[in-house]
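The values are calculated or read from the model by the stated rules, or taken from the named source; none is laboratory data. This is a predicted model, so every value here is computed, not measured. Please note: Cβ atoms are built from the backbone with ideal geometry, for glycine as well, and neighbour counts cover all protein chains shown. All accessible areas refer to the heavy atoms of the entire protein, side chains included, with ligands and DNA or RNA removed. Shrake-Rupley method; radii C 1.70, N 1.55, O 1.52, S 1.80 Å.
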Number of protein chains: 2
Amino acid sequence: MLTLYGYFRSSAAYRVRIGLHLKNIAYQDHFIHLAKGIQHNASYQKINPQQLIPSLELEDGSVLTQSLAILEYLDAVYPTPRLIPEDPMIAAKVRAFALAIACDIHPLNNLKVWQYLKNDLHVNALESGWYRHWLLNGLTALEQSLSSQSQTTGFCFGETPTMADVLLVPQLYNARRFKTNLDAFPKLLAIEQHCTSLPAFIKASPAEQADYEAESN
Amino acid sequence: MLTLYGYFRSSAAYRVRIGLHLKNIAYQDHFIHLAKGIQHNASYQKINPQQLIPSLELEDGSVLTQSLAILEYLDAVYPTPRLIPEDPMIAAKVRAFALAIACDIHPLNNLKVWQYLKNDLHVNALESGWYRHWLLNGLTALEQSLSSQSQTTGFCFGETPTMADVLLVPQLYNARRFKTNLDAFPKLLAIEQHCTSLPAFIKASPAEQADYEAESN
């Protein structure tokens, strides 16, 4: 069976969980408590030299890293249902949307960046406006990039969930966690509402994970 | 003919140039002077709502964005030579290597982040150590992830250039631009030396572009 090294609150692990559930692939969890720094343990560094989650261990013991690379692998090996459409032009739109989250929103606000801002630059990512700046900039471009067609289907592109939806939902979860006003993004919110009503997205959600902890603040 | 919206010094545009030259695809340049802020002009925002480069305009006028999505598109439509190997496991390794650059090194040090650090947080990205921290962290993990086999072939994975090499060379160019000591990364350097001797990488290099400007410092 596949083993997913993840953490309930990690957006990147959440993406892979959605992909696994959409494709109905059985897997077991190995939780890595990011807030406690377990990703830096020597035993996990052997699995993932970047000390990041998620990692996906296959039955033969080989390990895949980077959430988008894992989703692409799953789409090649378990092609039903497809997360990346076959048409190269639509696939390019789906990947560009996903990468605009994975490259231009998420990396600026993950745990290690917040820790560096705090410890080395004495900047609080939330209070300084850093978090909201990158999030809102990114979401504004995503909202503009969607056609009105997405409001009919309830998905970013086409009639079924794609890698775009798989990345959008965890990013909006993260936005809500930090109490961001999302009123300016009606198209994104309509897609979120639709996706989070589907069983695969529900099973993958942070609150459904065995390592879930309620917010302490 | 394809039109590439780029800038000689942009790592992300450089990636796409390498891909186009490796595949011998003819294209014309439309230069967007990042340092002068041309990416924020209304005319370019229509092409790329994220106000980022590169963008690739196809003959029918449709526009692709995000360098990795563009490279994946080119690989699907112009499959010879392949930048992403057909074997899903090797493809996952190639994509993970590329994403470790595209998600975990590059986004923390592109122009808009440096400008925000300077203007809003009064932090100089070079003098504060921000630049080197993310760069060296990222390169350390990449160096560890390569097998000794890469030293025989001169490429990150396998016998021919892949998307991994296409991302590595521009990132190391960026590192050299800011005078980073790279002695700790002998595997990465050997691959760089080999790749930059190949015609496609030479034609794609910043110094060969019509908008090239020598460093002013």
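For region B:1-109, what relative contact order do you get, as a whole percent, if you take Cα pairs closer than 8 Å and at least 6 residues apart?
This gives 26 percent for region B:1-109.
Can you list residues from other chains, or at least 5 along the same chain, whose modelled amide H is less than 5 Å from the amide H of A:C156?
Excluding prolines and chain starts, which carry no amide H, the hits are A:T162, A:D165.
From the phi angles alone, apply the Karplus equation (6.51, -1.76, 1.60; θ = phi - 60°) to region A:93-100 and give each ³J(HN,Hα) in whole Hz, x where the residue is Gly or Pro.
Per-residue couplings from phi come out as 5, 4, 5, 5, 4, 5, 5, 5 Hz.
If you put a point 7 Å past Cα along the Cβ direction, how far is that point for B:H122 from the same point in each other copy, in nm, smallest first?
So the distances to the same position in the other copies read 1.0 nm.
For a quick check: with amide H placed at 1.01 Å from N, whose amide H comes under 5 Å from A:I25's, ignoring anything fewer than 5 positions away on the same chain?
When sequence neighbours closer than 5 places are left aside, there are no close amide H contacts.
Amide H of A:L2 versus every other amide H placed in the peptide plane: which residues, excluding those fewer than 5 positions away on the same chain, fall under 5 Å?
Here A:Q28 satisfy the definition.
Please report the equivalent ellipsoid semi-axes of the protein assembly as shown, computed as sqrt(5 x eigenvalue) of the Cα gyration tensor, largest first, in whole Å.
Each semi-axis is the square root of five times an eigenvalue, giving 30, 25, 24 Å.
Going through the cross-link list B:K93/B:K187; A:K179/B:K46; B:K23/B:K203; A:K36/A:K179; B:K179/B:K203; B:K36/B:K112, which pairs have a Cα-Cα distance over 20 Å in this structure? Intermediate results must be reported in sequence, preceding the final value.
Values: B:K93/B:K187 16 Å; A:K179/B:K46 31 Å; B:K23/B:K203 12 Å; A:K36/A:K179 23 Å; B:K179/B:K203 23 Å; B:K36/B:K112 12 Å.
The answer is A:K179/B:K46; A:K36/A:K179; B:K179/B:K203.
Taking Cα atoms of region A:1-155, Rg/Rh with Kirkwood Rh, to two decimals?
Rg/Rh: 0.99.
First select every other residue whose beta carbon is under 14 angstrom from the beta carbon of A:P186; then total the charges, Lys and Arg +1, Asp and Glu -1.
Summing Lys and Arg as +1 and Asp and Glu as -1 gives -2.
Can you check what the net charge comes to around B:E159, using other residues whose Cβ is under 15 Å from the Cβ of B:E159 (Lys, Arg +1; Asp, Glu -1)?
Values: positive: B:R82, B:K93; negative: B:E86, B:D87, B:D165.
Result for the neighbourhood of B:E159: -1.
Over region A:58-217, calculate the relative contact order: mean separation of alpha carbon pairs under 8 Å at least 6 apart, over the residue count, as a percent.
About 20 percent, as a whole number.
In nm to one decimal, list the spacings between the A:S62 label point and its equivalents in the other copies, with label points set 7 Å along Cα to Cβ, shortest first.
Computed spacing set for this position: 3.3 nm.
Could you work out the local net charge near B:V63, counting Lys and Arg as +1, Asp and Glu as -1, over the other residues with Cβ closer than 12 Å to its Cβ?
On the way: positive: A:K93, B:K46; negative: B:E57, B:E59, B:D60.
Charge balance in the 12 Å sphere: -1.
Using a 1.4 Å probe on protein heavy atoms only, how many Å² of accessible area do B and A hide from each other, summed over both chains and rounded to 100?
Using a 1.4 Å probe, the pair buries roughly 3600 Å².
Express in whole angstrom the spacing between the alpha-carbon centres of region B:84-156 and region A:56-86.
So the separation of the two Cα centres works out to 22 Å.
Tell me, what ³J(HN,Hα) does each residue in region A:21-34 have, in order and in whole Hz, if you take phi through Karplus 6.51 cos²θ - 1.76 cosθ + 1.60 with θ = phi - 60° and put x for Gly and Pro?
Those phi angles translate into 6, 4, 8, 6, 9, 6, 8, 10, 8, 10, 7, 10, 6, 4 Hz.
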